[in-house]
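Just below is one structure, and these are the notes that go with it.
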Amino acid sequence: MRLEQVLFSQGFGTRHECRGLISLGRVTFEGNTVTDPDEDVDPVGRSFTVDGRSWPYYEKALVLLNKPENYECSQKPIHHPSVMTLLPPPLRVRGLQPVGRLDADTTGLLLLTDDGALQHRLTHPKRHVPKRYRVTCKHAAADSLIEALLEGVKLVDERDVLRAQDVERIDDKVLEMTITSGKYHQVKRMIAAGGNRVEALERVRFGHLALPEALARGEWLWLEGPQAVLGTK
Ligand code: URA
């Protein structure tokens, strides 16, 4: 693959801009400055640098962001900045999109990818990919709330009863619960249907992938591929 194509595919601008970066000596590949945009390289499993910053090559990108409060997952945010502003420009240019949505006030594990097939696989209702949330309730979480979540609650405008796959009491007001669907405000509405109210919501797991404790809010990291989330190739 020509080095110009590598940079273009990874979101470093137009083909013309990528050629310029290379010609100006701003790009290294495998530790060597390459000034010929047409140089043939094999990028798979390798890294390059642009202006000294290292970038792994991924044909398709999958990243995990620890979403802070007051960021919107929408492409056209209204009240807060988009989560996309937390990613470096090349990831935005190559068209990463959030995998599903978290509310503006929800924090935690948000995946973003430019892999359309993976996006579909992770969000399609029939796939039932489990998502785990840490829920801080306004009032102490009664046994009746936990029972209701496990048995299933009927929400306005939803045809099916929605139930949690599991619920764990962490302390008086804090629960962790896993759901396998992704309806609008689902956790908040389920908790409300059980007679309580969500004060804070954090996603702590998506499929097989747990939110890494060392990843600060607003920070992101590369994932090696879908198996990090799905547990299989
Ligand atoms: N359920 C909600 O209510 N909000 C979220 O952001 C995610 C799940």
**Item:** Amide proton proximity set for Ala200, modelled H, under 5 Å, gap of 5+
**Value:** Thr136
**Request:** Can you tell me the dipole magnitude for the range 82-127 around its Cα centre, using point charges on the Cβ only (Lys, Arg +1; Asp, Glu -1), in Debye to the nearest 20?
**Result:** 200 debye
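Suppose R0 equals 41 Å. What FRET efficiency, 1/(1 + (r/R0)^6) with r the Cβ-Cβ distance, do Arg26 and Thr136 give to the nearest 0.05?
0.30
Considering only Cα-Cα distances, which of the following residue pairs are longer than 25 Å: Lys76/Lys126; Lys60/Lys188; Lys67/Lys183; Lys131/Lys188; Lys60/Lys183; Lys76/Lys138?
Cα-Cα > 25 Å for Lys76/Lys126; Lys60/Lys188; Lys60/Lys183; Lys76/Lys138; rest within.
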**Complete:** On the formula 1/(1 + (r/R0)^6), with r taken between the Cβ atoms of Thr180 and Thr49 and R0 of 45 Å, the FRET efficiency rounded to 0.05 is 0.65
**Message:** Can you pull out the GluC sites (Glu not before Pro) in the range 203-233 whose DSSP state is coil and whose Cβ has at most 11 other Cβ atoms within 10 Å?
**Reply:** Glu213, Glu224
**Prompt:** Rg and Dmax of the range 1-43, using alpha carbons, in Å: what are they?
**Reply:** 8.9, 24
**Request:** Calculate, in nm to one decimal, what Glu147 and Thr232 gain on full extension: separation in residues at 0.36 nm each, minus their alpha carbon distance.
**Result:** 27.4 nm
**Message:** Taking just the alpha carbons, could you work out the radius of gyration and Dmax for the chain, both in angstroms?
**Reply:** 21.0, 68
**Prompt:** Using a probe of 1.4 angstrom, how much of the accessible area of the chain is carbon and sulfur, in percent?
**Reply:** 48 percent
**q = 0.17 Å⁻¹, the range 130-206: log10 I(q)/I(0) [Debye, one scatterer per Cα]** = -0.53
**Request:** Between Asp166 and Glu224, take the C-beta separation as r, use R0 = 35 Å, and let me know the FRET efficiency to the nearest 0.05.
**Result:** 0.80
**Request:** Give the residues of the range 65-84 whose amide nitrogen is closer than 18 Å to a point set 7 Å from the Cα of Glu199 in the direction of its Cβ.
**Result:** 69
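The values are calculated or read from the model by the stated rules, or taken from the named source; none is laboratory data. None of these values were measured; they are calculated from a predicted model. Cβ sites come from the backbone with ideal geometry, for glycine too, and all protein chains shown count toward neighbours. Heavy atoms of the whole protein, side chains included, go into the accessibility calculation; ligands, DNA and RNA do not. Shrake-Rupley method; radii C 1.70, N 1.55, O 1.52, S 1.80 Å.
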